[in-house]
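Asks: Let me give you the structure first, and then I'll get to my questions.
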Amino acid sequence: MTRAQYEAWQRDGEPFRLMTPADDLLDQLRAHGYTVYAIGNESHMLASPAEDHTPFSQTGWPGTAKYGVGYAIDIMPPKAGQKSKLDGKPLPSLQQLGAQLVADRKAGVPGISWLKYINWEPERNNGGPCYQDSWKPNYARRSSTDRGHIHASGRTGMESSTVARGYDPVARIRGEDDMDSAQDARLKRVETDLAWLRDFANRALNGQTQTADGKNIELGKWIAEGQRDRKAILAALAQLAGRDFTDEPAIIQGVLAGLTPEAIAAAIPAALTKQVAEELARRLVA
């Protein structure tokens with residue numbers, strides 16, 4: 001059954017997007033410097049039953065998983081002495097990070113309310129007990145063999161939820177205001193990215209087909225391939241533009257709302273690229 005699903009998915013063009021709150025947490029943790037994975041490899045795709053790293057999970061809860069949506073991320077341990085790219089402080093261990101995620105889920109913190117279960121090791125990596133803490137719907141703990149990383153799986157019904165926007169477990173571990181301090185750190189980090197984006201918009205307005213570093217000006221492709229922190233740039237754009245988009249074209253709303261690169265690319269025909277660039281340039285006047 002799973003091989004047939006996998007092959008059908010391949011024939012469909014391999015559609016995949018990570019559920020929004022898991023994607024937001026992934027982006028936040030990657031911004032700090034953690035390595036975080038989402039879609040599984042072929043062994044995940046061919047496992048029976050297909051689980052939450054696949055785009056055809058058979059283990060969705062409380063409802064049926066949506067086709068083309070992934071519901072899980074794996075957070076890998078930081079290197080010894082590794083520091084956050086956002087605040088310059090040592091990155092918390094997976095033990096600290098897992099404990100914070102579990103504590104926040106138990107406390108009903110909205111930013112992690114999408115969490116279905118987490119596999120983690122509270123004492124050390126690849127040693128000591130390994131647990132699966134789950135909320136389906138009530139809290140329960142059982143042993144797990146899924147070691148060496150944190151696995152976080154999400155609930156169905158929250159595929160497009162924005163509850164995790166601004167949720168930063170690292171900032172919470174440090175006792176900081178996760179919403180405000182994390183946003184400030186992200187905005188500081190993207191100053192050079194905004195200058196790069198201004199160059200992108202200005203060159204598009206001048207009819208040039210590439211940015212200074214050779215990237216194609218098609219917006220969705222740029223976001224997908226530009227090796228920039230997409231969510232951080234979009235957060236900074238939203239900060240500059242304000243929150244009232246009622247009089248703006250729907251396409252600009254989509255860009256600033258943080259649609260996936262695939263959705264942006266699909267929503268922006270080539271004929272609209274210049275229009276989008278003009279709007280971005282207007283918003284980004286220095």
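Values in this text are rule-based calculations from the coordinates and carry no lab data. In this text the structure is predicted, and so the values were computed from the model without any measurement. Here the Cβ positions follow ideal geometry from the backbone for every residue, glycine too, while neighbour counts run over all protein chains shown.
Asks: How much length would be gained if the chain were fully extended between Ser93 and Thr145, taking 0.36 nm per residue of separation minus their Cα-Cα distance, in nm to one decimal?
Replies: 16.8 nm
Asks: So what does log10 I(q)/I(0) come out to for region 43-117 at q = 0.13, 0.24 Å⁻¹, using the Debye formula with one equal point on every Cα and no solvent?
Replies: -0.57, -1.06
Asks: Largest first and in whole Å, give the semi-axes of region 1-55's equivalent ellipsoid, each being the square root of 5 times a Cα gyration tensor eigenvalue. Walk me through the numbers before you get to the answer.
Replies: Working: eigenvalues 127, 27, 15 Å².
After scaling each eigenvalue by five and taking roots: 25, 12, 9 Å.
Asks: Provide the gained length on full extension for the span Tyr37 to Thr59, in nm with one decimal, where the gain is 0.36 nm per separating residue minus the Cα-Cα distance.
Replies: Contour length minus Cα-Cα distance gives 6.0 nm.
Asks: Something else now. Go through 5-12, 112-119, 96-103, 159-166 and give me the packing order, highest mean Cβ count within 10 Å leading.
Replies: In decreasing order of mean packing, 5-12, 112-119, 96-103, 159-166 become 112-119, 96-103, 159-166, 5-12.
Asks: What length, rounded to one decimal in nm, is gained on full extension from Lys106 through to Lys83, with 0.36 nm per residue of separation minus their alpha-carbon distance?
Replies: Extra length from Lys106 to Lys83 when fully extended: 5.5 nm.
Asks: Can you tally the net charge around His151? Count Lys and Arg as +1, Asp and Glu as -1, for every other residue whose Cβ sits under 13 Å from the Cβ of His151.
Replies: Values: positive: Lys116, Arg147; negative: Glu51, Asp52, Asp74, Glu121, Asp133, Asp146.
Once all neighbours under 13 Å are counted, the net charge is -4.
Asks: Only counting other Cβ atoms within 10 Å, I'd like Trp135, Trp61, Trp120 sorted with the fewest neighbours first.
Replies: Least to most surrounded, the residues fall as Trp135, Trp61, Trp120.
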